[in-house]
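To start, the structure itself, in structure tokens.
The values are calculated or read from the model by the stated rules, or taken from the named source; none is laboratory data. Only a predicted model underlies this, so the values are computations on that prediction, with no experimental measurement involved. Note: ideal-geometry Cβ built from the backbone for every residue, glycine included; neighbour counts use all protein chains shown. We work out accessible area using only protein heavy atoms, side chains counted, and drop any ligands, DNA or RNA first. Shrake-Rupley method; radii C 1.70, N 1.55, O 1.52, S 1.80 Å.
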Amino acid sequence: MANKQIKETIGLALLGEGILGLIYPKKYSLLWKVGPEPLREAMEKAAENPELMRLIYAVEAGLGFWLAQSQVKKLKK
């Protein structure tokens, strides 16, 4: 897979995750409550602060959009 395609795929994943987090900040944060205890505790605290998580997910969606569209712009016409 070409470098541009990898970056676009990462951008689309960030965009999708950001949008889901914006819509369901608590549920989506708890979805990732896996792994070591410190990570699980962090995700529980994140779920307790849905407005902060919405902000973080909005930034993530914006970065994902920027990354994906920047790769499309690089294509030759």
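Key figures
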quantity: Pair residue 70, residue 12: separation of 7 Å Cα→Cβ label points (nm); calculated: 1.9
quantity: Per residue accessible area in Å² of the chain, where ligands, DNA and RNA are left out and the probe is 1.4 Å; calculated: 73
quantity: Total formal charge among the other residues, if their Cβ is under 14 angstrom from that of residue 46, Lys/Arg +1 and Asp/Glu -1; calculated: 0
quantity: Sequence of 39, 67, 14 from largest to smallest accessible area, 1.4 Å probe; calculated: 39, 14, 67
quantity: Reduced Cα scattering model of the chain, Debye log10 I(q)/I(0), q = 0.19, 0.23, 0.24 Å⁻¹; calculated: -0.77, -0.93, -0.97
quantity: Using a Förster distance of 22 Å, the FRET efficiency for residue 42-residue 20 (Cβ separation, nearest 0.05); calculated: 0.75
quantity: Spin-label model distance (nm) - residue 31 vs residue 55, 7 Å beyond Cα toward Cβ; calculated: 2.3
quantity: About the Cα centre, charge dipole magnitude for the chain (Lys/Arg +1, Asp/Glu -1 at Cβ), debye; calculated: 600
quantity: DSSP-loop GluC sites (Glu not before Pro) across the range 28-59, with at most 12 other Cβ within 10 angstrom; calculated: 48
quantity: Leading residue at positive end of dipole, the range 22-77 (Cβ point charges), from 64, 28, 42; calculated: 64
